[in-house]
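Please read the structure below before turning to the comments.
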Amino acid sequence: MGRNAWMMILVVLAALPLGACTTFSGGHIPPSAFEFHDIVSHDGKGPGGWKVAQVNILLSRASQRRPLYAWCDVEVGVPFANKQRSISNTVAQQRASGAADESARVVLLGHETVTAIACEHFRLGMSRRLNESIKGVKVTKFATLGIKPRSFPED
């Protein structure tokens, strides 16, 4: 679904007569939003190497009491291989997508209305969830130079 479709959904939701406590949140961040780029090569022996994906992710909540519209810059760093196994781009994308979805749900169901704090909670939640399945992952603000970030929803 393109950015225009998402914006239309947000406009329609904003126009609905919402009750004082009504809140809407939903959506799915697809694995393809996380496009990994090789940063440090891996020699194939043991743990090592590093790849990074950068995504600007829109978190939005339609609510009369606690609206939120936040673009969060998220950098996901993943080793090529950790002590347990090699990590393919496909696995990294799927796990990052799942962690982003779950973290977004938690943030959007919460009470935070300050963009910077909501984004920090989102990144921390992603990091915690990703590290449960891929040891050594780092989730931060954009830090690596030279990568063209993706956006979700797309421009």
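The values are calculated or read from the model by the stated rules, or taken from the named source; none is laboratory data. Just so it is clear, the model here is predicted, and its values are computed rather than measured. Glycine also receives a Cβ, built like all others from the backbone with ideal geometry; neighbour counts cover every protein chain displayed. Ligands, DNA and RNA are excluded from the accessible area calculation, which covers all protein heavy atoms including side chains. Shrake-Rupley method; radii C 1.70, N 1.55, O 1.52, S 1.80 Å.
Looking only at segment 53-75, residues that are among the aliphatic types (A, V, I, L, M), within 14 Å of residue 148 (Cα to Cα) and in contact with a Lys or Arg (Cβ under 7 Å, 6 or more places away or on another chain) come to 2 in all.
Listed by first and then second residue, the pairs linking a residue in segment 126-152 that is within 18 Å of residue 57 (Cα to Cα) to a residue that is part of a helix (DSSP H, G or I) and open to solvent by 60 Å² or more (accessible area, probe 1.4 Å), with Cβ atoms under 7 Å apart and 6 or more places separating them unless they lie on different chains, are 129/102; 130/95. Given the criteria touching a residue at least 40 places away in the same chain (Cβ under 8 Å) and open to solvent by less than 10 Å² (accessible area, probe 1.4 Å), does residue 103 qualify? No; evaluated as a whole, the condition is false for this residue.
State which residue is nearest to residue 118 (Cα to Cα) when the search covers only segment 87-100 and only residues that are open to solvent by 20 Å² or more (accessible area, probe 1.4 Å) and assigned to a helix (DSSP H, G or I). Before you say what the answer is, go through the steps one by one.
Step one: of segment 87-100, the residues open to solvent by 20 Å² or more (accessible area, probe 1.4 Å) are 88-91, 93-95, 98.
Going one step further and asking which of them are assigned to a helix (DSSP H, G or I), we end up with 89-91, 93-95, 98.
Details: 89: 27, 90: 28, 91: 26, 93: 22, 94: 23, 95: 21, 98: 18 Å.
Looking at the filtered set, the residue picked out is 98.
What number of residues within segment 138-155 are among the hydrophobic types (A, V, I, L, M, F, W, C) and either open to solvent by less than 30 Å² (accessible area, probe 1.4 Å) or in contact with a Lys or Arg (Cβ under 8 Å, 6 or more places away or on another chain) (or both)?
Residues flagged as among the hydrophobic types (A, V, I, L, M, F, W, C) and either open to solvent by less than 30 Å² (accessible area, probe 1.4 Å) or in contact with a Lys or Arg (Cβ under 8 Å, 6 or more places away or on another chain) (or both) within segment 138-155 amount to 3.
Considering 84, 64, the condition of being open to solvent by 10 Å² or more (accessible area, probe 1.4 Å), more than 23 Å from residue 32 (Cα to Cα) and in contact with a Leu (Cβ under 6 Å, 6 or more places away or on another chain) is satisfied by 64 alone.
The lone criterion from (1) in a loop (DSSP other than H, G, I, E, B); (2) under 21 Å from the mean Cα position of the chain (by Cα) left unmet by residue 42 is number (2). Within segment 109-137, restricting attention to residues that are touching a Pro at 6+ places or on another chain (Cβ under 9 Å) and surrounded by 19 or more Cβ atoms within 10 Å (Cβ to Cβ), the residue that is farthest from residue 91 (Cα to Cα) is 137.
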